[in-house]
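So the structure is just underneath, and the comments pick up after that.
The values are calculated or read from the model by the stated rules, or taken from the named source; none is laboratory data. Every value quoted in this text rests on a predicted model; they were computed, and no experiment measured them. A quick note on method: Cβ atoms are made from the backbone with ideal geometry, for glycine too, and the neighbour counts reach across all protein chains shown.
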Amino acid sequence: MKNSSKLFLCSILVLAAACAPTMMEVPPHEERRLDAVIAERNAIERIDANMSVVFEKKDSEMYGDAVLDMTRTGDLHLKVFTLGILGMDLSSKNGVVKSTPRLDKAKTAILTRGLRDCLFWWDLQDFTVQEEGDYLVMRSATRSVWLDKKTLLPGKQRIDFDDGKQLTVMYDTPARQSGIWYQARMRIEIPRYAVTLTVNEISFLKNM
């Protein structure tokens, strides 16, 4: 019985290690063109993720664990648990947002458009590319994404709203899952609020 228990435990540990994202130093992609990287990512239609989350407002913080599935169009379902208890359930379908508890405009902006553009950072329309120091900057009418020249991973993003407000995203902690490099830590900020997300598990689902 003891040997069987040890074998079962080892199997669980191996399976968990295989599913977890691999965090490491990302190799340079100087030999790759930006348009090739974007074309590769354009096949991704959905992202599923389990994350640790920290909500910040003024001097207060709330910690939890989040389960997210999101499509490229912005449709999403997000559940946040605190100490194993469901604290928030948010969905967005064709632009219609439903949440329990009800959220104010700023929080809704972070958790819908902000989260979508944060994860699908490459999906800009009619953008230009400029060099700024160590970064390539992709700019469209409403978004700017700063990419590290060597890794072609995002370091920062700014999202402009029609009312003049801005949402910023800061990225770090490169990781890889199923051959796709991404940033495992993201901090999304808007006036009065901030959300920090740390990816524990992630899946990139592509067109068949």
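Can you work out which of the residues in the range 138-168 that are touching a Phe, Trp or Tyr at 6+ places or on another chain (Cβ under 8 Å) and of a type in the set (A, V, I, L, M) is surrounded by the fewest Cβ atoms within 10 Å (Cβ to Cβ)?
Leu153
Could you check, for the range 105-114, whether at least one of its residues is assigned to a loop (DSSP other than H, G, I, E, B), at pLDDT below 95 and under 24 Å from Val195 (Cβ atoms)?
Of the residues in the range 105-114, the ones assigned to a loop (DSSP other than H, G, I, E, B) are none.
Within the range 105-114, none of the residues are assigned to a loop (DSSP other than H, G, I, E, B), at pLDDT below 95 and under 24 Å from Val195 (Cβ atoms).
Would you check which residues across the range 193-204 are surrounded by fewer than 17 Cβ atoms within 10 Å (Cβ to Cβ) and within 20 Å of Lys156 (Cβ to Cβ) and list them?
Residue satisfying the conditions is Thr198 alone.
Go through the range 149-180 and give me each residue that's under 21 Å from Leu205 (Cβ atoms) and part of a loop (DSSP other than H, G, I, E, B).
Leu153, Ser178, Gly179 - these are the residues of the range 149-180 that are under 21 Å from Leu205 (Cβ atoms) and part of a loop (DSSP other than H, G, I, E, B).
Where residues in the range 181-208 are outside any strand (DSSP E or B) and of a type outside the set (Lys, Arg), which of them is modelled with the lowest pLDDT?
Taking the range 181-208 first, the residues outside any strand (DSSP E or B) are 191-192, 207-208.
Cutting the leftovers down to of a type outside the set (Lys, Arg) gives us 191, 207-208.
Working: Pro191: 86, Asn207: 78, Met208: 63.
It comes out as Met208.
Quick check on the range 65-113: of everything there that is free of Cβ contacts under 8 Å to residues at least 60 places away in the same chain and among the small types (Gly, Ala, Ser), which residue is surrounded by the most Cβ atoms within 10 Å (Cβ to Cβ)?
Only one residue tops the list, namely Ser92.
Where in the range 1-100 are there strands (runs of 3 or more DSSP E), lying wholly inside it, with at least 1 residues that are modelled with pLDDT of 90 or more, touching a helix residue (DSSP H, G or I) at 6+ places or on another chain (Cβ under 8 Å) and among the hydroxyl-bearing types (Ser, Thr, Tyr)?
Correct list: 85-93, 96-100.
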